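Below is one structure; the comments refer to it alone.
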Amino acid sequence: MPIKSRIRTVPHYPHQGIMFRDITTLLKDPVGLRATIQEIVARYKGMKIDKVAGIESRGFIVGTPVAYELGLGFVPIRKKGKLPAETIGRDYQLEYGTDRIEIHVDAIQKGDRVLLVDDLIATGGTAEAATKLIQDMGGVVVECCFVIDLPDIGGRARLEKLGHKVFALCEFEGD
């Protein structure tokens, strides 16, 4: 069952010329959702990982069941101002301006081996900020895991250039 076949493409969303890869069709499909989680879990079962971190918001949807199946805790990486306790954050560049992601200061301990999960890697800006945030806390990024890679946009190469391992369940060529 190819996971890629269960992902909808929405042309010209959110802007003209963008081919948006929509995982809601994958998530609503019980076979597709189960296969996605099982495939990710199978890759990381037996690896030394202490926590799974997911990037808001679709990284929560994928990362939480992965953490559960691996018997690990889940760490949310959220947009600025969304976490209730003390946080540290990292700014990152958007097409027009900057944004910020944050994590609770007690979420990752020095030496924790962390699997970073999100639904999609495009430019890699958010994922890069998340890896740096994990490292700022003394954590070690074991791998960056995505459901979808858009290789032509360069996010995977960006993360690999920083020394991170990257895994994706499927790729969509082009933008």
Selection within the stretch 108-158 - under 25 Å from LEU26 (Cα atoms) and either assigned to a loop (DSSP other than H, G, I, E, B) or polar (S, T, N, Q) (or both): ALA122, THR123, GLY124, THR126, LEU150, GLY154
Where a residue in the stretch 38-60 is touching a residue at least 60 places away in the same chain (Cβ under 8 Å) and its partner, wherever it lies, is assigned to a loop (DSSP other than H, G, I, E, B) and surrounded by 14 or more Cβ atoms within 10 Å (Cβ to Cβ), with Cβ under 6 Å and at least six apart: ASP50/ASP112; LYS51/LEU72; LYS51/ASP112; VAL52/LEU72
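Okay, residues lined up against (1) free of Cβ contacts under 8 Å to residues at least 40 places away in the same chain; (2) over 24 Å from LEU33 (Cα atoms); (3) out of contact with any Leu (no Cβ under 6 Å at 6 or more places or on another chain):
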{"position": "GLU86", "(1), (2), (3)": "yes, yes, yes"}
{"position": "ASP91", "(1), (2), (3)": "yes, yes, yes"}
{"position": "LEU94", "(1), (2), (3)": "yes, yes, yes"}
{"position": "LYS110", "(1), (2), (3)": "yes, yes, yes"}
{"position": "GLU128", "(1), (2), (3)": "yes, yes, yes"}
{"position": "LYS132", "(1), (2), (3)": "no, yes, yes"}
{"position": "ASP149", "(1), (2), (3)": "yes, no, yes"}
{"position": "ILE153", "(1), (2), (3)": "yes, yes, yes"}
Failed criterion for HIS104 (all others in (1) farther than 22 Å from GLY163 by Cα; (2) without any contact (Cβ under 8 Å) to a residue 40 or more places away in the chain; (3) surrounded by fewer than 17 Cβ atoms within 10 Å (Cβ to Cβ) hold): (3)
Hey, VAL141 farther than 26 Å from MET19 by Cβ, surrounded by fewer than 14 Cβ atoms within 10 Å (Cβ to Cβ), of a type outside the set (D, E, K, R) and in contact with a Ser or Thr (Cβ under 9 Å, 6 or more places away or on another chain) or not: no
Count of residues meeting criterion [at pLDDT 95 or above and of a type in the set (Ser, Thr, Tyr)] in the stretch 100-155: 2
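The values are calculated or read from the model by the stated rules, or taken from the named source; none is laboratory data. Predicted model, so just to flag it, every value in this text is computed and none were measured. Methodologically, a virtual Cβ is constructed for each residue, glycine included, from the backbone with ideal geometry; neighbour enumeration extends over all protein chains shown.
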